[in-house]
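The values are calculated or read from the model by the stated rules, or taken from the named source; none is laboratory data. Bear in mind the structure is a predicted one, so any value in this text is a computation, not a measurement. Cβ coordinates were reconstructed from backbone atoms using ideal geometry, including for glycine residues, and neighbour counts include every protein chain displayed. Heads up: the accessible areas ignore ligands, DNA and RNA and are worked out on the full protein's heavy atoms, side chains in. Shrake-Rupley method; radii C 1.70, N 1.55, O 1.52, S 1.80 Å.
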Amino acid sequence: MSAAQAQQPAPYKKVALIGLGLIASSIFWAMRRAGMAAEVSGYARSEATRDTARRLGLCDTVCDSAIEAVEGADLVILCVPVGVMGAVAAEIAPHLAKGATVTDVGSVKKSVIEHVAPHIPEGVDFVPAHPMAGTEHSGPDSGFASLFDNRWCLIVPGDAREEAVLRLEAFWQALGTNTERMEVEHHDQVCAVVSHIPHLIAYTMVGVADDLRRVSDQEVIKFSAAGFRDFTRIAASDPTMWRDVFLENKEATLEILGRFAEELFVLQRAIRSGDGDHLFDYFTRTRAIRRGIIEAGQDTDAPDFGRGKRE
Ligand code: NAP
């Protein structure tokens, strides 16, 4: 065994996916693409989702209970909406194997930690994580193997043992993603800026257009330009997931929303008073940010391979 191999954390032997939607199914296909040998068990709340998962060949075993799915697993990944993470953790906690790691993929970290951590028994590590990748689709047939490629998975290690954190980082890196550790409040604020508030703005803009449509005989839809079309794609995201994100990341989203409103008023005043210099300088600054994103290779949307495709 080489020195490099000796330093590699041991791969997991059995992975349990609790929740079988976009993120869980993408994890499964990415694991298979990476050639990971781990046995994979899965569980979803409804029989319809479990049946779809079985038909798609998602997981080696699709179980009829979360308790059954976590039996003997050394990695348990909670892939359910953030509002139900705590209830799911409470249900599986007494059945977790000693030495196992529990992680999650929730878009919010502070509230998930508050709701999940108290249930984690001694001898089990909880390593919260958040893969920063997604599409507007949901459900077991929406996942694909390349969803995480070249994206970032943010890890909020808390009190977990270093060994458990390194092992989870190696897992995510093998799925194609980069990893970075982050402090919990910082995570929730960064995500409010780069993901949560942009979704809220898209929901709002599409709502405004929907109201306008009633007075302008569908022109808003008929002539919708690229900017608005992008908003409608984002605003098609899963209502349950996004309701939970805003309710569970209240503090950070309200703070960023306040700042957004302040900026908007300044721009509104510049338009009203004809302050072209202000508008030009502002748009020049924001254009530079876009260039930075392109240079970092993060400019493309997650490729939409259509529902149910695995590569
Ligand atoms: P999804 O496609 O809607 O799947 C959610 C899964 O959770 C479904 O299998 C659903 O089962 C199951 N579920 C819902 N409530 C449950 C409950 N009470 N008990 C057990 N299972 C339950 O969602 P997703 O997009 O994969 O999101 C999952 C998590 O990833 C969320 O926490 C989200 O914040 C996070 N995340 C999402 C994205 C994204 O862009 N989508 C990106 C990064 C992180 P049924 O189908 O049977 O209801």
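Assorted remarks:
- Helical mean residue ellipticity (222 nm; -39500 (n - 2.57) per DSSP H run of 4+; nearest 500) of the chain: -14500 deg cm²/dmol
- Range of Cα positions in the stretch 187-295 per principal axis (Å), largest first: 42, 42, 29
- Of the residues Lys250, Lys98, Lys14, Lys109, ranked by 1.4 Å probe accessible area with the largest first, the sequence reads Lys98, Lys250, Lys14, Lys109.
- Gain on full extension, evaluated as 0.36 nm per residue between Ala236 and Leu264 minus their Cα-Cα distance, stands at 7.7 nm.
- Dipole of the chain, positive end: most advanced residue of Gly99, Leu78, Leu22 [Cβ charges, Cα centre]: Leu22
- Convex hull of Cα atoms in the chain, direction-averaged projection (nm²): 18.6
- DSSP-defined beta bridges in the stretch 12-183 - what % are antiparallel, rounded to 5: 10
- Top of Asp299, Asp277, Asp244 by mean-square fluctuation, Gaussian network on the chain, Cα under 10 Å: Asp277
- Projection of the Cα convex hull of the stretch 12-183, averaged over all directions and equal to a quarter of that hull's surface, yields 8.4 nm².
- Relative to the Cα centre, the charge distribution of the chain, modelled as +1 at Lys and Arg Cβ and -1 at Asp and Glu Cβ, gives a dipole magnitude of about 720 debye.
- Here, the stretch 174-243 is characterised by an Rg to Rh ratio of 1.14, where Rg is the alpha-carbon radius of gyration and Rh the Kirkwood radius.
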